[in-house]
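See below for the structure under consideration.
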Amino acid sequence: MSTYQPLVKTLDPYRIVKHPSMFTNRPGQSDIVIHIKTGANWGALYNGCRYTIAKILDAETLEPIRDYSPVPNEVLDNLKTWGF
């Protein structure tokens, strides 16, 4: 039984999550996934809102791994301050 809890922050319209990497070429490393609300009837459902992935970052370097949608610098610049 796992007791792991990912680090999560919600900053409307973003949902930011740090968890072990989902990529097989990054074992033992962590990713920061930034989701954005879709405003539609599709996407992952979290707390009654639908989200899609905007950006995936390497948690150690904050370098982009995947970049699907722009994320404001004010969000990216504060990741370390927020504990990511």
field: Taking the chain and dividing mean pair separation by its residue count, relative contact order in percent (alpha carbons under 8 Å, at least six apart)
entry: 20 percent
query: Taking only DSSP H segments of four or more residues, each worth -39500 (n - 2.57), what value at 222 nm results for the chain once the sum is divided by all its residues, to the nearest 500 deg cm²/dmol?
result: -1000 deg cm²/dmol
query: Using alpha carbon coordinates only, what is the Rg to Rh ratio of the stretch 7-70, with Rh defined as the Kirkwood radius?
result: 0.98
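Taken together, the values in this text are just the output of simple stated rules run on the coordinates, not laboratory data. All values derive from a computational prediction rather than experimental measurement.
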